[in-house]
Amino acid sequence: MNSRKAAMTGPEKKRLIIEEKCFKPFERFLESEKYSENIYSELEAEGARLCEEYMPDTPHFFLVESARSQAVTIHEYAVVMVYRGMLDLIFNLSSMMAAVTQTPTPPPEHAKMPWQVNMLAWLEERDFWWENEEYWWLHCAEHRTVFDYYVKGLFKFIVLHEIGHQHNLHSRGRVLQSSKDVEAATEDLGDDNPSFMHKVEPDDSDTATLSAKQNIESQAREIVADTYAFQFLVEEMYDDVCCDEEDKGKEAGLALAAAYSALSVAHLYFWGRAALAGQASAEEIGMHGYPSHLFRIHAIEAAFLQHGFAAMCDIPASYAVSTALAQSNHTFATISKRYSFVDWRLGANHPEYEKHYRKICDEVPKWSNGFFGVKDDELFELISKAMEAGLEASPDVPNKE
Ligand SMILES: [Zn+2]
């Protein structure tokens, strides 16, 4: 670690540099204590916990006061940031789920569902209106619980996606891919130049200049970060429900419930995002450095079907996927008559879709990484061989490069 990097560990120093180099006009750090709703402080604490738990050394989490519906990680500073526009989208999506849910109590008769007039306008709405009396699901304890549950799930997924870029060394990989020169790569990752910022969604202009090869590489990185995020979202949701002694013996059912909930969260995020993107052809084929939201949810389900529940339970993963699909289809039909979950999913049948995404799938292994902060091909080979031979692989894995 060079001396500049060593000096870059304090949150105040990071904040100063981020303010100077990363913020657009009128953006600033969000002061959660200035909001009357506790949820901003709670999410800030949750973001910090996730970073501390999943990232080594001294990561920092910040909320940003900005209308952009965005989340980023800055590799050099080990920083993850979620923008308030993203929180607003999370609140809008969670409102829809909370208001149509039938459990623990059905919605009141003639309950207002403001998005049914214009769902796009609802999803684009900013400055969530906490005091609005017509937002009845916020003021009814049972439905508020469902609202909070989805807020937390969506937020965790987004933060874990950013951590996934860090885990899989995507900044270092990008430099190596472009220079093929380790020395140059190390130099390019200078502390004062936050050139490797991964975002959860594309900004208007920043992917327009990608070559065809860079486009596929970029989309592969997003898929890797998504599948990382989903895997740990399932574990997080499992830990949330499986907390005391009396749960002993019910682990399989609880693991299934956790996977089902995580799938519901991912369905909601990508279906809502696709509706926002207008389900246009460029969005569906994903030509701008980001895979389409349709492919992102397919890739998550495919990875889950492939890897199953890991050691959590022996229920087939296909059971969780089919149950969640059926439920999401029903729920989204109740939320919106216009943006059908099934019609959207069937877009994957287009032959162009398969051709394009085969290229991304071929690229994905190059951007995946087994251990945090370590990219060691020899180590991987050793472990793969040991696993193939049915031996227990327990090499002494270093924590960080
Ligand atoms: Zn990303």
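What follows is calculated from the coordinates using simple rules that are stated; it is not laboratory data. Keep in mind the model is a prediction, meaning the values are calculated, not measured. Virtual Cβ from ideal backbone geometry, glycine too; neighbours counted across all protein chains shown.
Assorted remarks:
- Residue exposure sequence - 49, 221, 273, 345 - by fewest surrounding Cβ within 10 Å: 49, 345, 273, 221
- When 307, 60 are sorted by how many other C-beta atoms sit within 10 angstrom of their C-beta, beginning with the fewest, the order is 307, 60.
- Cut-off 10 Å between beta-carbons: net charge of the residues surrounding residue 92, Lys and Arg +1, Asp and Glu -1: -2
- Each residue of the range 267-278 was assigned a 3J(HN,Hα) from its phi angle through the Karplus expression (A = 6.51, B = -1.76, C = 1.60, θ = phi - 60°), giving 4, 4, 4, 6, 5, x, 5, 5, 4, 5, 6, x Hz with x at Gly and Pro.
- Burial ordering of 227, 323, 331, 103, fewest other beta-carbon atoms within 10 Å first: 103, 323, 331, 227
- Beyond 30 Å in Cα-Cα separation lie the following of the pairs 21/359; 112/152; 34/337: 21/359; 34/337.
- Once the C-beta distance of residue 144 and residue 214 is scaled by a Förster radius of 45 Å, the resulting FRET efficiency is 0.50 to the nearest 0.05.
- Summing +1 for each Lys or Arg and -1 for each Asp or Glu among the other residues whose beta-carbon sits under 10 angstrom from that of residue 152 gives -4.
- Inter-part distance, the range 293-345 to the range 97-127, computed on C-alpha centroids, equals 22 Å.
- Sparse-neighbourhood loop sites, GluC sites (Glu not before Pro) in the range 24-112 - DSSP loop, at most 16 other Cβ within 10 angstrom: 31, 37, 109
- Overall form of the range 211-369 per C-alpha gyration tensor (a/c, 1.5; a/b vs b/c): oblate
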